[in-house]
1. What is the local net charge at A:Arg312, summed over the other residues whose Cβ is closer than 13 Å to its Cβ (Lys, Arg +1; Asp, Glu -1)?
2. Summarise the accessible area of region A:92-191 (1.4 Å probe, protein heavy atoms) by the percent that is carbon and sulfur.
3. Tell me, Kirkwood radius of region A:222-323 from alpha-carbon pair distances, in Å?
4. Does a label point 7 Å from the Cα of A:Arg221, set along Cα-to-beta-carbon, have any residues of region A:264-307 with amide nitrogen under 15 Å, and which are they?
5. Among A:Gly194, A:Ala281, A:Pro326, whose Cα lies farthest out toward the positive end of the dipole of the protein assembly as shown, if unit charges sit on the beta carbon of Lys, Arg (+1) and Asp, Glu (-1)?
6. Given 10 Å bins starting at zero, what is the percent of C-alpha pairs of the protein assembly as shown in each, up to the one with the largest pair distance?
7. Note down the magnitude of the dipole of the protein assembly as shown about its Cα centre, charges +1 on Lys and Arg C-beta and -1 on Asp and Glu C-beta and zero elsewhere, to the nearest 20 debye.
8. Can you list the residues in region B:134-175 whose accessible area drops by at least 10 Å² when all protein chains are present, compared with the chain alone? Use a 1.4 Å probe, heavy atoms only.
Amino acid sequence: MNRFDYVRAGTVAEAVGAFGDGARFIAGGTNLIDLMKYEVEKPGRLIDITRLPLQGIEEHEGGLRLGALATNAKVAYDARVAERYPLLRNAILAGASAQLRNAATTGGNLLQRTRCYYFYDAGTPCNKREPGSGCPAIGGVNRIHAIFGASDQCIATHPSDMCIALAALEATVRVSGPDGERAIPFAEFHRLPGNAPEKDTTLKPGEIVVSVDLPERGFARNYTYLKLRDRLSYAFALVSVAAGLELDGDTITTARLALGGVAHKPWRNQEAEALLVGQPATRETFAKAADLIVAEAKPQSENGFKVELARRAIVRGLEQAAAGTPQSLSDKRIQ
Amino acid sequence: MLLDTSPPVSADTPIGITLTINGQRRELQVAPWTTLLDLLRERLDLTGTKKGCDHGQCGACTVLVNGTRVNACLTLAVMKDGAEITTVEGLASLGERKGSNALHPIQEAFIEHDAFQCGYCTPGQLCSAVGMMGEGHAHSRDEIREAMSGNICRCGAYTNIVDAIEDVMQHGAAR
Ligand SMILES: Cc1cc2nc3c(=O)[nH]c(=O)nc-3n(C[C@H](O)[C@H](O)[C@H](O)COP(=O)(O)OP(=O)(O)OC[C@H]3O[C@@H](n4cnc5c(N)ncnc54)[C@H](O)[C@@H]3O)c2cc1C
Ligand code: SF4
Ligand code: FES
Ligand code: FES
């Protein structure tokens, strides 16, 4: 790890004020310290934000406001989250390990970086780590990489589970920075790599996430988070599906669907969601939506399997949501 | 052990912190880049806590910080100023027969159920199990397995580890 100075912030203004070139905020540290050990991150200054008064979970405009420093465990086990946003709870609990979730925070989870092997290996080129150096994942080892929305500069994926649920729930990210506060719709928070793969999000330098706000609609009856991975726990998603439906009898009235492990951001397809609305909640309907989504897939040399995996996961996820039988967190059989 | 009197690791940027480690209050000078794991092992000679991967991927370094299980390898010591830390060396003092030299019930159960082979993952498994029981979210065998999945055992003692934990959850105080 490189040498750095350490500042402990007591207020958001102090944290923002302490920011400068080469500075990083640190929350749970579970991603940043890891990256520092690989010398992928070499901050000159760490601003410890864990003591900011942003740890609470509060009622907010019919929904909930999750403080940026609320840990992943705290959010997942909050009784209101379990009752009103079980999709979010399940997505969080599908990620990492209990130890990591005890440390990891809401804000840090949003800003965790890709698990692309080359990004982590400071001895290889990588456009995300060193703009302009190239992308060895293209044509290289890319089994875990994107099949949607990639560019010829970067094919990395966003690794979060929590964010996939937040995308489906259409949360809002509230940030505070040198120019004051603003609210960013979840779909606009993470970005596609395009020509600037070094930028994961639309957050500006020095801006700090202060909360994630959940709208009232929680899809608490018909939802699932289905995560497919190389081992059954403690592994990142190859493909995951967050699905939320509202039904009138057998007819779908609202549909939300976000995919993880397949793109540089939680992947949504509004056209497919629109296609579901007004249709009977049947396998045929779900297959049509899945076909529409995977029609856009552009697999890499080693991850062609993700296309069919995604198609099937979408159908199965929508079936689980429609039936009100979400994927179990402990019994790993896919129902 | 008494207060730490060793010189600061780095002359230019040591930071004074206070930690209560296994019930003992310690005033320490640490460089900000020191992980809690390295502080425990390299400076305080508490080598019960193990370093497996140093990257959050194995759970060998699991300790309790204010009663909550975390990976000490991904924790900076300075950030835990004021916290209470329990390592495997201090588990016995959390058991019911506190004060005697008796082991914590989970330690006894691990011996009884043969829940380890090489023992490298064991301190982490033990701290993790105590943390898990405190959290109170796991009840069934499947739930214990999932809740303990952050602790890898290369010897594959998993079945017996779950047996040991189940035993303590069912008969905890009676053991
Ligand atoms: C072995 C392992 C397995 C994992 N498996 C999974 C998994 O299966 N699924 C999954 O979703 N995740 C997984 N994770 C990732 C984990 O969820 C993240 O590391 C964690 O959520 C990051 O949160 P943190 O608070 O620790 O962030 P930190 O490490 O403290 O920070 C991460 C980044 O966010 C920035 N940051 C933090 N808070 C703020 C804020 N409020 N405002 C602005 N910037 C901020 C920091 O500057 C830093 O750049 C895994 C991690 C490990 C080590
Ligand atoms: S996919 Fe992105 S993160 Fe991975 S090597 Fe290419 S540029 Fe770097
Ligand atoms: S040493 Fe900390 S998780 Fe492996
Ligand atoms: S007992 Fe050897 S690694 Fe678990």
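The values are calculated or read from the model by the stated rules, or taken from the named source; none is laboratory data. Predicted model, so just to flag it, every value in this text is computed and none were measured. For neighbour counting, all protein chains shown are included, and Cβ atoms are generated from backbone atoms with ideal geometry for every residue, glycine included. When the accessible area is computed, the model is the full protein with side chains, heavy atoms only, and any ligands, DNA or RNA have been set aside. Shrake-Rupley method; radii C 1.70, N 1.55, O 1.52, S 1.80 Å.
1. Combined, the nearby Lys, Arg, Asp and Glu give +1.
2. 51 percent
3. Hydrodynamic radius (Kirkwood, Cα pairs) of region A:222-323 is 13.6 Å.
4. It comes to A:281, nothing else.
5. Value computed over the given set: A:Gly194.
6. Calculated P(r), rounded to whole percents: 4, 19, 28, 27, 16, 5, 1, 0.
7. With Lys and Arg at +1 and Asp and Glu at -1, about 500 debye.
8. B:Glu135, B:His137, B:Asp142, B:Glu143, B:Glu146, B:Ala147, B:Ser149, B:Gly150, B:Ile152
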